[in-house]
Structures are given as structure tokens and as C-alpha cells.
1. Quick check: is even one residue across the stretch 144-159 acidic (Asp, Glu) and at pLDDT 95 or above?
2. Give the residues of the stretch 58-90 that are hydrophobic (A, V, I, L, M, F, W, C), closer than 15 Å to residue 104 by Cα and in contact with a strand residue (DSSP E or B) (Cβ under 6 Å, 6 or more places away or on another chain), sorted by residue number.
3. For the stretch 7-32, what are the residues that are charged (D, E, K, R), modelled with pLDDT under 90 and part of a helix (DSSP H, G or I)?
4. Out of (1) of a type in the set (Val, Ile, Thr); (2) under 22 Å from residue 26 (Cβ atoms); (3) in a loop (DSSP other than H, G, I, E, B), the odd one out for residue 93 is which?
5. Sort out which residues of the stretch 33-73 are of a type outside the set (Asp, Glu), assigned to a loop (DSSP other than H, G, I, E, B) and at pLDDT below 95, and write them in order of number.
6. Considering only residues that are free of Cβ contacts under 8 Å to residues at least 60 places away in the same chain and within 11 Å of the chain's Cα centre (by Cα), look in the stretch 58-102 and name the one that is nearest to residue 123 (Cα to Cα).
Amino acid sequence: MGIGPSTKETSLHHFQDPLVDLLAGDPDIDFQGVIVVGTPQDNAMKYLVGQRTAAWLAGMRTNGVVASTDGWGNSDVDFANTLAEIGQREISVIGLKFIGSQAKFVVENEYTPYVLDFNKSEKGIETEIVGENTIDRRDAAKALAAIKLKMRKDDQKIR
């Protein structure tokens, strides 16, 4: 998974990532860090990365996760699986993904409706403008609000 379409991000964006900044600075969030997961070619490995990521998060006693991906198509398999693995461990999860005109996942599950689109182009396509289709402060604020709401709702279901 990634923080955004990496082909369009500058190193400055990585060092001053708005999502990390907002999550780390929010007094209601116990920000634990960032996990970077690759996108394997092999389907068995695609499922394994989701299982291992979710097990790691469960071991850290994580209550909520904002997961993001920088791919589409075949990468949807491991992203959707990772969301499901996290959610099945009763960890609240929302996602961030460049969706745009593609408007749907290659594979879907009960967790993919909780994925927010950070497309910014009117045509819904990734542009060649550096930084245009990366997560900005507004996307980060939406993700922060969404995970707080999801955690509250999920907590009420468990009680």
C-alpha cells in the first residue's frame, strides 16, 4: 500500500505528508505509525501481506486504521484483502485510493465502500501534474473524520 500515487509525489510530500501530520497531531488519536506493504505479483502472497499486516495491527492493539493504496487493477486484490483482514479482526478501517473514472474495484468486499477517493481531476484520470493527485490536507481531514466516525460506530456495535 502507499500514501498516494507515488509516481506523482515529491520527497517533500513524503516528509510533510498531510495524512501523517493530521493523524499524529490529533489529540483524540493515538497515532502508532506507518506500515509500508508491497504489492506482490503472486496471488498467495497478495493474501499473505494482508494477513500479516492485520496480525501486526492486532498485536499492537490498534483500534482504527486508515489504509491507502497507490495502485489499481491487480493491486485491488491485495488492498481489498488487507481491508478485510483488518476489519475481520474487529479493527475499524477506512481506505484512501485514487479511484477517479475507474469508479470501482477489480474485487470488492464489505470494506471497500469505506474507501475514499482522492481524485482531483475533472476527467477522473491521473494527470501528469506533480502533486495533483496525491492526498492533500482536505483528503486527510476527510479520512480523519471518517475513521473517528467508523471507530465510534464500530465501538457501539461491540457493546
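1. We begin by selecting, within the stretch 144-159, every residue acidic (Asp, Glu); these are 154-155.
Now restrict to residues that are at pLDDT 95 or above: none.
The answer is no; no qualifying residue exists.
2. First, pick out the residues of the stretch 58-90 that are hydrophobic (A, V, I, L, M, F, W, C): 58, 60, 65-67, 72, 77, 79-80, 83-84, 86.
With the extra rule that they be closer than 15 Å to residue 104 by Cα, the set shrinks to 72, 77, 79-80.
Scanning the stretch 58-90 gives a single hit, 79.
3. 8
4. Failing condition for residue 93: (3).
5. Taking the stretch 33-73 and keeping what is of a type outside the set (Asp, Glu), we get 33-41, 43-69, 71-73.
Adding the requirement that they be assigned to a loop (DSSP other than H, G, I, E, B) leaves 33-41, 60-63, 71-73.
Once the filter is applied, which keeps residues that are of a type outside the set (Asp, Glu), assigned to a loop (DSSP other than H, G, I, E, B) and at pLDDT below 95, the stretch 33-73 yields 33, 34, 35, 36, 37, 38, 39, 40, 41, 71, 72, 73.
6. Checking each candidate, the answer is 97.
The values are calculated or read from the model by the stated rules, or taken from the named source; none is laboratory data. This is a predicted model, so every value here is computed, not measured. Cβ atoms come from the backbone with ideal geometry, glycine included; neighbour counts cover every protein chain shown.
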